[in-house]
Amino acid sequence: SLYGRKGAIVILDPNSGEVIAIASAPDFDPAVFVNKSYSSIGSMFNDPAAPLMNRAISGTFPPGSVFKMAVAAAGLETGKIKPSTTYHCPGSLQVGSRQFKCWTTHGDQDLIQAIANSCDVFFYKTGLGVGAQTLHDYAARFGFGKPTGIEIPYESAGHVPNPFWKRMYKFQRWYDGDTANLAIGQGALLTSPMQVCRMAAVFANGGSLVTPYIIKAIDGRDVSASHRRVSPAHLRRSTVDFIRKGMRQVVTDGTANVLADVKPAVAGKTGTAQTSGDETHAWFTGFFPFDRPQYCICVFLEKGGHGTDASLLVKQIISSMADEGFFK
């Protein structure tokens, strides 16, 4: 439950894009607008917790390590890394004059291990090898930097930075440090929970980018077919399948091992995104059942801790879905 927290939850059908569930917190009682309770309306507009903002589609935040799946895809597709590529993680990497830290010392990591353990050093090196503009272009293949097209107003496009943008709008050069930050989902990169869930759907369905939709029927007439828009993400199936293996290992032996005993089997990726303060955003995105995915999920907790905190909420959600008979 999001009760008492700020954040969002999105659950999609990864094959069609149908929105199974969407939640944003804190929320509000729409009856205050019907009843014209002006004092309550005024307090909502002035509330720093922003209850009127739908964080699932209108809020954009640094995605942190959940973005590493897009970086891994860029590395494999361009040949800058291979499935067997191994980098040594001593706990940090010198980039220019700055030391970029990893969250721990991992030692030697291949790609599967780097996804499972969320090794920053592996992805710093991958991102620097791929290059900033190519990272930007592959992010676009997953739908980042533009609205998903869901039929709800006020959807945010988010932002994927690149060297041209920084030169034109910031009047600054792009540095290797900017590329390193982008490669771990930080810096000027901003995404919505709906966009992140849509990215996970690409790995769940074998390589297609779906358009999320809510309207299934009007006056009893099924209109869902008119909303279903599925396009190729232009990734090799071998790339998708290999990253899927890494996402499964995140759960069995990685940063989301709190989900290891969950039935049906889950695959996913955690993220812990830095903010301007000391607090961090918590992310988890993934899909289940692993063998034949029926659902994609994204849990985002605004300044809500670490990826493990989001994973624990995923565990509660799947347990509730099982109790309700979703997996018969």
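Take each peptide in 70-80, 191-201, 153-163, count the other Cβ atoms within 10 Å of every residue, and average; sorted highest first, the result is 191-201, 70-80, 153-163. Other residues whose C-beta falls under 11 angstrom from the C-beta of D120 contribute a net charge of +3, scoring Lys and Arg +1 and Asp and Glu -1.
Per residue, the accessible area of the stretch 4-126 comes to 43 Å² when a 1.4 Å probe rolls over the protein heavy atoms.
With pairing defined as another cysteine C-beta under 4.7 Å, the cysteines of the chain that fail it are C89, C102, C119, C296. Taking only Cα atoms, what is the 0 to 90° angle, nearest 10, from helix 120-130's long axis to the longest principal axis of the chain? For helix 120-130, the angle is close to 80 degrees.
Taking the C-alpha atoms only, the angle from helix 307-323 to the longest principal axis of the chain is near 50 degrees.
Taking only protein heavy atoms and a 1.4 Å probe, the accessible area of the chain is 50% carbon and sulfur.
Normalised by residue count, the stretch 58-97 yields a Cα convex hull volume of 138 Å³ per residue. Please build a GNM for the chain, connecting alpha carbons under 10 Å apart, and tell me which residue among Q99, Q109, Q274 fluctuates the most. The residue that fluctuates most here is Q99. Computed from the Kirkwood radius of its Cα pairs, the Stokes-Einstein diffusion coefficient for the stretch 181-328 at 4 °C and 1.567 mPa s stands at 79 µm²/s. The residue list A273, N117, L209 was ranked by how far each Cα lies along the charge dipole of the chain toward its positive end, using unit charges on Cβ atoms, and L209 comes out on top. Amide H contacts of T211: R229, each under 5 Å away and 5 or more positions distant or on a separate chain (H built 1.01 Å from N in the peptide plane; Pro and chain starts excluded). Rolling a 1.4 Å probe across the protein heavy atoms gives the stretch 176-328 an accessible surface of 42 Å² per residue.
Note: relative contact order over the stretch 110-264, using C-alpha pairs below 8 Å and six or more positions apart, is 28 percent.
Converting the Cα gyration tensor eigenvalues of the chain into ellipsoid dimensions via √(5λ) gives semi-axes, longest first, of 31, 24, 20 Å. When the chain is modelled as a GNM with alpha-carbon springs shorter than 10 Å, which of K166, K146, K245 fluctuates the most? Result for the chain, Cα springs under 10 Å: K166 fluctuates most.
Could you grab the relative contact order for the stretch 128-210? Cα pairs under 8 Å, six or more apart, rounded to a whole percent. The normalised contact order for the stretch 128-210 reaches 32 percent. Angle of helix 237-253 to the longest C-alpha principal axis of the chain, folded into 0 to 90 degrees and rounded to 10: 80°. A Gaussian network model of the chain, with springs between Cα atoms under 10 Å, assigns the largest mean-square fluctuation among V258, V314, V230 to V230. Karplus-based coupling profile of the stretch 221-231, in residue order and whole Hz: 9, 5, 10, 4, 4, 6, 9, 6, 10, 10, 10, with θ = phi - 60° in 6.51 cos²θ - 1.76 cosθ + 1.60 and x standing for Gly or Pro. Note on T252 and S231: with the Förster distance fixed at 30 Å, the Cβ-Cβ geometry gives a FRET efficiency of about 0.45. When E324, E279 are compared by accessible area of protein heavy atoms, the largest-first order is E324, E279, using a 1.4 Å probe.
Note down the net charge around M199, summing +1 for each Lys or Arg and -1 for each Asp or Glu among other residues with Cβ under 12 Å from its Cβ. After counting each charged neighbour, the total is +4. Using 0.36 nm per residue and subtracting the Cα-Cα separation, the extra length available between Y169 and S276 on full extension is 36.4 nm.
The values are calculated or read from the model by the stated rules, or taken from the named source; none is laboratory data. Model, not experiment: these values are computed from the prediction. Cβ atoms come from the backbone with ideal geometry, glycine included; neighbour counts cover every protein chain shown. The protein model used for the area step is the full one, side chains on, heavy atoms only, and it has no ligands, DNA or RNA in it. Shrake-Rupley method; radii C 1.70, N 1.55, O 1.52, S 1.80 Å.
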